[in-house]
1. Does any residue of segment 2-21 turn out to be within 12 Å of the chain's Cα centre (by Cα), crowded, with 19+ Cβ neighbours inside 10 Å and not hydrophobic (A, V, I, L, M, F, W, C)?
2. Looking at segment 40-61 only, could you name the residues that are polar (S, T, N, Q) and in contact (Cβ under 8 Å) with a residue 60 or more places away in the chain?
3. Residue by residue through segment 79-112, note down the ones that are more than 12 Å from Ile24 (Cα to Cα), of a type in the set (D, E, K, R) and in a loop (DSSP other than H, G, I, E, B).
4. Taking Gly37 as the residue in question, decide whether it is touching a residue at least 12 places away in the same chain (Cβ under 8 Å) and not in a helix (DSSP H, G or I).
5. Aliphatic (A, V, I, L, M) and crowded, with 22+ Cβ neighbours inside 10 Å, is that true of Leu103?
6. Can you name the residue in segment 62-79 that is closer than 20 Å to Asp116 by Cα and free of Cβ contacts under 8 Å to residues at least 40 places away in the same chain and is also surrounded by the fewest Cβ atoms within 10 Å (Cβ to Cβ) among such residues?
7. Specify the residue that is farthest from Glu20 (Cα to Cα); the eligible residues are those in segment 44-78 that are in a strand (DSSP E or B) and touching a Lys or Arg at 6+ places or on another chain (Cβ under 8 Å).
8. Among the candidates Ser151, Ser120, which residue alone is outside any loop (DSSP other than H, G, I, E, B), modelled with pLDDT of 65 or more, small (Gly, Ala, Ser) and surrounded by fewer than 13 Cβ atoms within 10 Å (Cβ to Cβ)?
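The values are calculated or read from the model by the stated rules, or taken from the named source; none is laboratory data. Note that the structure is a prediction, hence the values are computed from the model and not measured. As a convention, Cβ positions derive from the backbone with ideal geometry for all residues, glycine included, and neighbour counts pool all protein chains shown.
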Amino acid sequence: MGQVVLREDLFALGEKLRKEGKTIVSTNGCFDILHVGHCRILQQSKALGDVLVVGINSDESVRKLKGPERPINHQDDRAELLGALEAVDYVTVFGEDTPVEFLKLLRPHIHVKGADYKPSDLAETPVVESFGGRVEILKLVPGRSTTNLVSKIRS
């Protein structure tokens, strides 16, 4: 079961894992309503390295990004659900709109995003590359998104 890590412990975690020779993979998102698309991205992300660290947007950050009626699930619940997945080793919550600060602390070898993004569009790409990491883009499951699910439920 994945462990929730406080922001102030991220740097030490990254250092420890690198000293152990582990390849650190990270990804991030709101993960408001967990669905098969999330599960597949997380499984594929974990397969790229030894340890998967997932950064989730805080409730306040989700509201800023998705609107006042989101998130559906509280950040502690989202973190616990993600941590219960076999592919996830660690979960942390960040309050900014982007994962840049989370990544500066963790310094992963690989940062993963879904194919709805291009590395050139991501604020985190220059940060990850600045410490020798790379951004990996993975295919998404067509038609699977939290926004689509929320719209379907509300209609």
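1. Restricting attention to segment 2-21, the residues satisfying the condition of being within 12 Å of the chain's Cα centre (by Cα) are none.
No; the residues of segment 2-21 include none that is within 12 Å of the chain's Cα centre (by Cα), crowded, with 19+ Cβ neighbours inside 10 Å and not hydrophobic (A, V, I, L, M, F, W, C).
2. If we filter segment 40-61 for residues that are polar (S, T, N, Q), which is where we start, we get 43-45, 57-58, 61.
Hits for segment 40-61 are Gln44, Ser45.
3. Step one: list which residues in segment 79-112 are more than 12 Å from Ile24 (Cα to Cα), which gives 79-87, 91-102, 104-105.
From what's left, of a type in the set (D, E, K, R): 80, 86, 96-97, 101, 104.
Selection gives Glu86, Glu96, Asp97.
4. On the way: touching a residue at least 12 places away in the same chain (Cβ under 8 Å): yes; not in a helix (DSSP H, G or I): no.
Against the criterion (touching a residue at least 12 places away in the same chain (Cβ under 8 Å) and not in a helix (DSSP H, G or I)), Gly37 does not qualify.
5. On the way: aliphatic (A, V, I, L, M): yes; crowded, with 22+ Cβ neighbours inside 10 Å: yes.
Yes; evaluated as a whole, the condition is true for this residue.
6. Applying the first criterion (closer than 20 Å to Asp116 by Cα) to segment 62-79 yields 62, 64-67.
Applying the additional criterion that residues be free of Cβ contacts under 8 Å to residues at least 40 places away in the same chain yields 62, 64-65, 67.
Working: Val62: 22, Lys64: 15, Leu65: 14, Gly67: 11.
This residue is Gly67.
7. Applying the first criterion (in a strand (DSSP E or B)) to segment 44-78 yields 51-57.
Filter once more, keeping what is touching a Lys or Arg at 6+ places or on another chain (Cβ under 8 Å): 51-52, 56.
Numbers: Val51: 11, Leu52: 15, Ile56: 25 Å.
By that ranking, first place goes to Ile56.
8. On the way: Ser151 fails: modelled with pLDDT of 65 or more.
Only one candidate qualifies: Ser120.
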